[in-house]
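Quick one: the structure is below, questions incoming.
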Amino acid sequence: MDDKLTSTFLRVCQEGSIRAVAIALEQEPSTISRRLTALETEIGIQLLERRKKGVKPTEAGELLLRHLRGQAAEFEALTAEFDALRGMRRGHVSLAVGEGFISDLIKNALPSFKKVYPGITFTMRSGSTEVVVQDIQNDVAHLGFVFNSMPDRQCKVLAHTAQPLQLLANPTSEWARTVAPVSIGSLAAMPLALLSSGSGLGAMVREVETIYSVRLHRALEANSLATIRNFVREGLGVTVLPAFVVAQEIADGTIVDLPLDVPEFARGEVSLIARSGRRLPEVAMKLANHAMRSMRAFQA
């Protein structure tokens, strides 16, 4: 149905008079009448009863009137929803997050973001670097937080910061007394807790082993950083991770970090990624910018 015809019909029903609408629109009554006739012809049924003192919708006209008013109400509601989204009063952001970023994100980024935008909700999936990249490629997540991700033409990097690996140990353990910076030879003699394959960290470790022709002693392999943290806190061995991953433990004094004399481990890098070509919602971009400013991971 033609919008001009239906809007004229609505206006006539509201005013109850063709002449009143013609005066309001500064048009001839015959012009208004022709539009109404055209609408009735298009639908194939009479919509208005012409009376001496105006017009009244027929039964078919009442049906159309309810439909048009319902459409108008739905459009008004939709407009209000758009206004709410524009004003960031509501919205949703999906995140794919490497496990090492979770505490940093939840402690340092989300509380202050939620304080400004309390109506925003989130979906958060954690996983290895490979899983995060796949979630971004498949539009499962708007934003991805990864460590040492390989370049991927399907992903664009919104932010990246160097985060070298450090040796992490229990402060009372013998390894905490190792002369720093720690050489690859000293590291190879230590019991290490390392992440399983699929992580950016695992790729760095394999590269270092190849370059220096060493095999690091894997006292523990785990797919959980929480497991590795507990292993180190209990003094069962050491690990190599960026310091931001255990920032709270370092602050509490339950873990100490020592620099490594391994140039390849100094090339660790954290990245905030999104799919190339995807236009992110405004709320996702707001969160991305806020995360860059507030998370420890993005502070050099």
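Read the figures in this text as sums done on the coordinates, not as results from a lab. The shown structure was predicted, so the numbers you read here are calculated from the model rather than taken from an experiment. All Cβ positions, glycine included, derive from the backbone under ideal geometry; neighbour counts span all protein chains shown.
At a Cα cut-off below 26 Å, give the lysines reachable from Lys53, other chains included and same-chain residues fewer than 8 away excluded.
Partners within reach: Lys4.
Sticking with this structure for a sec: Pull out the extension gain between Thr123 and Arg279, defined as 0.36 nm times the separation in residues minus the alpha carbon to alpha carbon distance; nm, one decimal.
Fully extending the segment from Thr123 to Arg279 adds 54.3 nm.
Would you mind listing how long the chain runs along its three principal axes, going by Cα atoms, in whole Å with the largest first?
Extents along the principal axes: 103, 35, 29 Å.
Right, next: Calculate how many DSSP beta bridges within the chain are antiparallel, expressed in % of all such bridges and rounded to the nearest 5. Show your work: numbers first, answer last.
Details: 23 of 40 bridges.
If I count the DSSP bridges inside the chain, around 60 percent turn out antiparallel.
Also, I was wondering about something else. Distance in nm between label sites at Glu15 and Gln46, each 7 Å beyond Cα in the beta-carbon direction?
The two pseudo-label positions are separated by 2.3 nm.
Neighbouring Cβ atoms within 10 Å as the yardstick, rank Ser94, Ser199, Ser128, Ser224 fewest first.
Ser224, Ser94, Ser128, Ser199
Sticking with this structure for a sec: If each residue of separation counts as 0.36 nm, what is the full-extension length gain between Ser213 and Glu234 once their alpha-carbon separation is subtracted?
Full extension of this stretch gives 4.6 nm more.
To continue, here is another question. For Lys156, which lysines qualify as cross-link partners when the Cα separation must be under 18 Å and same-chain residues fewer than eight apart are set aside?
Of all the lysines, those that pass the test against Lys156 - Cα under 18 Å, at least 8 places apart if same chain - are Lys286.
Something else about it: When Met1, Met190, Met88 are ordered from fewest to most other Cβ atoms inside 10 Å of their Cβ, what list results? Can you show the working numbers first?
Numbers: Met1 12, Met190 20, Met88 16.
Neighbour counts put them in this order, fewest first: Met1, Met88, Met190.
Sticking with this structure for a sec: Quick one: longest stretch of the chain between exposed loop GluC sites (Glu not before Pro), exposed meaning at most 14 other C-beta atoms within 10 Å and loop per DSSP? Please list the in-between numbers first.
On the way: sites that count: Glu26, Glu234.
With GluC sites (Glu not before Pro) excluded where exposed in loops, the chain gives 27-233 as its longest stretch.
Given labels modelled 7 Å from the Cα in the Cβ direction, how far is it in nm from Leu63 to Lys4?
2.7
Hey, with R₀ at 51 Å, roughly what FRET efficiency would Arg267 and Phe82 work out to, going by the Cβ-Cβ distance, to 0.05?
0.70
Hey, another quick one. Helix-only mean residue ellipticity at 222 nm, the chain, DSSP H runs n ≥ 4 weighted -39,500 (n - 2.57), per residue, nearest 500. What is it?
Helix contribution divided over all residues of the chain: -13000 deg cm²/dmol.
Would you kindly state how much longer the chain becomes between Ser30 and Val179 on full extension, computed as 0.36 nm times their sequence separation minus their alpha carbon distance, in nm to one decimal?
Gain in length upon complete extension: 43.9 nm.
Hey, got the Cα dimensions of segment 151-300 along the principal axes, in Å, largest first?
Cα extents, longest axis first: 51, 36, 25 Å.
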